[in-house]
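First the structure, in the form of structure tokens, and then the observations on it.
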Amino acid sequence: MFLCCWLALVALIPMTSGTNPGVEVKLTEKGLEYGRQLGMASIQQKLKTIKVPDISGSQEVSPIGKQTGIPMDVGLPKSALDLVPGTGVRLSIGNAFIQLHGNWRVKYIKIIKDSGSFDLNVNDLTITTSIAIKSDETGRPVVSSVSCAATVGSASIKFHGGASWLYNLFKNFIDKALRNALQKQICPLVADAVSDLNPQLKTLNVVAKVDQYAEIEYSMVSSPTVSSSSIDFSLKGEFYNIGKHQEPPFSPAAFSLPPQVNNMLYIGVSVFTTNSAAFVYNTAGALSLYITDDMIPQGSPIRLNTRTFGAFIPQIARRFPGLMMKLLVKTVKSPVITFQPNNVTVQATGTVTAYAIQANTTLSPLFVLNLETSVSVQLFVSEMRLAGAVTLNKMDLTLGTSYVGEFQVKSLNSILQMVLKVVVIPKVNVQLAKGYPLPTLGKMKLVNTQLQVLKDYMLIGTDVQFIG
């Protein structure tokens, strides 16, 4: 895994000012430490590509001749990834070393041949680099090393075998040349290692498709705030209809995350984000459902036909005897979601239209009921998605329009409540169980995840693993 893959979590871009976020994210020192552990392997591999003049690789060096080396050992025993409040991130590496044992051989004027081995030891290597995070033209993060300092404490080479006694006479001169040559290569290699992150950062789901109706945007609305203990950043966190970015008639309110640090990452999802989802699905006409008798459990005594409804509204049985019925349940405005501590509630306003199905499949309207419902939501994280399930709290019916004369709406309460519980809510839960994507980078996995509902937002605390 590349160094600073966690940096994508502080660079979901582009940045605009003056807009409150729908999603807040906090990267803690525990998360930074995990990033440091991942990054050291990447830096180590990059430093192994250092070219040691006249030693590693293979080149003509008259009069010493041709020398070959084997892969070097690079040790990075001490490193730290520090937050610089108000500035950015600093990576420091100390007490690093490079060791190489190789072979040399000489063939001079096709007459003199000689060979032997050598040992190269580079010690007290220190590197300090500052990493900047910006955005590219697509709104994705780009990282670069903006400053770097590297020093080589000592570089020592010793030749063995053949005429090594001759070459060792020049040891001090060679050591100094090697130290200077190595020192010049280190910072460009570190810059390359940082730049190598960018293809990985392009996997960030700045815009994540949810389904055929919706997508969610995770671009930043302001620059990250760097403190001595965390990086806090603000994401748009807004749902849109696919292909049509229409703003809802409400705006996100400001909120901030509590000072928790036990997990690597904290994600706060505001009630604005979930309400923007409700707005999108209502606008798309996705919050409607036709209900037919075959959707009612076979063992239920209540059937969607004029005989059952005629028991409560006699004029239906008289005017439309022996016909099956169909119900259309739909919202008439966007549902309203509220977050209170340990409680998520959805208030939905809709209608229920009842039809009699004629023999020629023509639908004859019977009545329209106004429906007010309240449901509770249980939220949970499933892999890299936020999902949920609802249960019915209460339901209120009033008569909107009747095409069969007056009747007592309360007489239909038990039928409609059964329809909601056994048909509508299970179908809603099937969709909610699919969830919607959380901010993701590559093959990221959430572990040790907890979800807590607070006032006006939910808080997800989690650790992170990168696979592969």
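The values are calculated or read from the model by the stated rules, or taken from the named source; none is laboratory data. Predicted, not measured: the structure shown is a model, and the values here were computed from it. Note: ideal-geometry Cβ built from the backbone for every residue, glycine included; neighbour counts use all protein chains shown. Surface areas here come from the heavy atoms of the whole protein model, side chains and all, with no ligands, DNA or RNA. Shrake-Rupley method; radii C 1.70, N 1.55, O 1.52, S 1.80 Å.
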Applying the gyration tensor rule to the Cα atoms of the range 346-399 (axes a ≥ b ≥ c; rounded if a/c under 1.5, else prolate if a/b exceeds b/c, else oblate), the class is oblate
If you average 1/r over every pair of different alpha-carbon atoms in the range 295-349 and take one over that average, what Kirkwood value in Å do you get? 14.3
Of the accessible area of the chain, computed with a 1.4 Å probe and all protein chains kept, carbon and sulfur make up a percent value of 53
With every protein chain in place, the accessible area of Asp456 for a 1.4 Å probe, in Å² rounded to the nearest 10, comes to 70
If amide H atoms are built 1.01 Å from N in the plane of the peptide, which residues on other chains or at least 5 residues away come under 5 Å of the amide H of Phe407? none
Probe 1.4 Å, all chains present, heavy atoms only: His245 accessible area in Å², nearest 10, is 100
What's the local net charge at Val271, with K and R +1, D and E -1, over the other residues with C-beta under 10 Å away? 0
Taking the chain and counting helices only, DSSP H stretches of n ≥ 4 at -39,500 (n - 2.57) each over all residues, the nearest-500 ellipticity at 222 nm comes to -6000 deg cm²/dmol
What accessible area per residue, rounded to a whole number of Å², is obtained for the chain using a probe radius of 1.4 Å? 47
Got a number for the accessible area of Tyr436? Probe 1.4 Å, square angstrom, nearest 10. 30
Sequence neighbours fewer than 8 away in the same chain don't count; with that in mind, list the aspartates and glutamates whose C-alpha is under 15 Å from Lys176. Asp54, Asp124
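Whenever you get a sec, line up Ser228, Ser145 from highest to lowest accessible area (probe 1.4 Å, protein heavy atoms). Can you show the working numbers first?
Values: Ser228 85, Ser145 35 Å².
Result, largest first: Ser228, Ser145.
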Give the angle, between 0 and 90 degrees and rounded to the nearest 10, that separates the Cα long axis of helix 29-47 from the longest principal axis of the Cα atoms of the chain. 40
Of Lys26/Lys434; Lys330/Lys443; Lys421/Lys443, pairs whose Cα-Cα distance is over 32 Å: Lys330/Lys443; Lys421/Lys443
Give the cross-link partners of Lys48 among the aspartates and glutamates, using a straight C-alpha distance below 14 Å as the criterion and excluding same-chain residues fewer than 8 apart. Asp73, Asp192
Note, ³J(HN,Hα) from phi for the range 72-81, Karplus 6.51, -1.76, 1.60, rounded to Hz, x at Gly and Pro: 8, 9, 10, x, 10, x, 9, 8, 8, 10
Quick note, the range 185-288: a/c under 1.5 would make it rounded; otherwise a/b > b/c is prolate and the rest oblate (a ≥ b ≥ c, C-alpha gyration tensor); here it is oblate
Can you figure out the FRET efficiency of Glu33 with Asn121, using R₀ = 22 Å and their beta-carbon distance, to the nearest 0.05? 0.15
Scattering from the C-alpha atoms of the range 145-233 alone, worked out with Debye: what is log10 I(q)/I(0) at q = 0.24 1/Å? -1.16
Using a basic spin-label model with each label point 7 Å from the Cα along Cα→Cβ, how many nm lie between Lys176 and Val332? 9.2
So, in Å, what gap is there between the alpha-carbon centers of the range 19-53 and the range 196-262? 21
Cα gyration tensor shape of the chain, rounded if a/c is under 1.5, else prolate or oblate by comparing a/b with b/c: prolate
Output the 0 to 90 degree angle, nearest 10, between the alpha-carbon long axis of helix 271-283 and the longest principal axis computed from the alpha carbons of the chain. 60
